[in-house]
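Values quoted throughout were computed directly from the atomic coordinates according to the rules given, and no laboratory measurement underlies them. Source: prediction; values computed, not measured. Heads up, the Cβs are rebuilt from the backbone with ideal geometry, glycines too, and the neighbour counts pull from every protein chain shown.
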Amino acid sequence: MKVERSEVERAHAIYTKGNLAIYDWWVLGLSNAWVWHCPTDRLLDLYRSHLTPNHLEVGVGTGYFPAKTMPGSHSRLALLDINRNCLEKASKRLAAFRPEVHQANVLEPLNLRGTRFDSIAVNYVLHCLPGRLDQKAPTVFDHLIPLLEEDGVIFGATLLGQDIQRPLLARLMMALYNRKGVFSNTQDSLGGLMEALSARFRTFNVEVRGCVVIFWGKGLRGAFRTPRSPL
């Protein structure tokens, strides 16, 4: 999958320091409950079910979800995002965990050294990435799988542009965000995500909640198991 750099830059340009200051209030407070109809508490439940003490957070936002669910300060936590403002905000919030910080584009091959992770979260990331879900989800998963233990879990949530009932306000907000390049999900379908998960993981699950599909995949299929690289 080839994506122009300008498309990626346009997608994450909204995450300025000023916008991040109101992110939790606007996205996790108002938008989730009243626009997307997927309460933030449901996403916290997803983290509580699948986050491990050896965790990689991809697309870190403000660090809200790991801050609420990491099991202890002894845990290993890594943060990966293309946006420096997000990394700075999240790393300060999560300073007690002494997080590893990686600035990288998940649509490109990743080079993170160290032991693999038992859990990787890709939460509210896919709908912001350029391209169709049946193209970008496989690309993202294939770049993350070499960082995941064979019995590890990848989980997250994304906003769909197809296969769901969208209230008027949700349709208007999605149209605006897609027009500005913040979202790229007009052709994102549930089937595209399910195909990417079923091809790579022995067990997986998807749940549609409002405009959001919540997902997880666990246990790599044989074709996707990769040799361990040197530390």
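In order along the range 168-178, the Karplus-derived 3J(HN,Hα) couplings, from 6.51 cos²θ - 1.76 cosθ + 1.60 at θ = phi - 60°, round to 4, 4, 5, 5, 5, 5, 5, 4, 5, 5, 5 Hz, and Gly and Pro are given as x. Computed over the range 117-172, the convex hull of the alpha-carbon atoms projects to a mean area of 4.5 nm².
With all pairs of different C-alpha atoms in the average, the Kirkwood value for the hydrodynamic radius of the chain is 17.7 Å. With all pairs of separate Cα atoms included, the range 91-222 yields a Kirkwood hydrodynamic radius of 15.7 Å. The slack in the chain from Ala104 to Leu169, taken as 0.36 nm per residue of separation less the alpha-carbon distance, amounts to 20.1 nm. Using just its DSSP H runs of length 4 or more, each adding -39500 (n - 2.57), the chain gives a mean residue ellipticity at 222 nm of -9500 deg cm²/dmol after division by all residues. DSSP beta bridges fully contained in the chain are about 45 percent antiparallel.
For the chain, with only Lys/Arg (+1) and Asp/Glu (-1) charged at the beta-carbon, what is the dipole magnitude about the Cα centre, in debye rounded to 20? Don't skip to the end; give the middle numbers.
Values: 28 positive and 21 negative charges, 56 e Å.
Dipole size: approximately 280 debye.
Note on Gln187 and Asn54: their simple-model spin labels are 3.9 nm apart, each label 7 Å out from Cα toward Cβ. Each of Thr40, Thr186 was scored by other Cβ atoms within 10 Å of its Cβ. Listed from fewest to most, they are Thr186, Thr40. The Cβ shell under 13 Å around Arg76 holds other residues with a net charge of -2, Lys and Arg each +1, Asp and Glu each -1. Sparsely packed loop sites in the range 95-201 (the trypsin sites (Lys or Arg not before Pro) outside DSSP H, G, I, E and B with at most 13 other Cβ atoms within 10 Å) comprise Arg113.
As a quick test, which of the pairs Lys68/Lys136; Lys136/Lys180; Lys17/Lys218; Lys17/Lys180; Lys180/Lys218 have an alpha carbon distance above 24 angstrom in this structure? Don't jump to the answer; show the numbers that get you there.
Details: Lys68/Lys136 28 Å; Lys136/Lys180 19 Å; Lys17/Lys218 35 Å; Lys17/Lys180 19 Å; Lys180/Lys218 34 Å.
Among Lys68/Lys136; Lys136/Lys180; Lys17/Lys218; Lys17/Lys180; Lys180/Lys218, the Cα-Cα distance tops 24 Å for Lys68/Lys136; Lys17/Lys218; Lys180/Lys218.
Report the local net charge at Asp24: Lys and Arg +1, Asp and Glu -1, summed over other residues whose C-beta lies under 12 Å from its C-beta.
On the way: positive: Lys68, Lys89, Arg93; negative: none.
Result for the local shell: +3.
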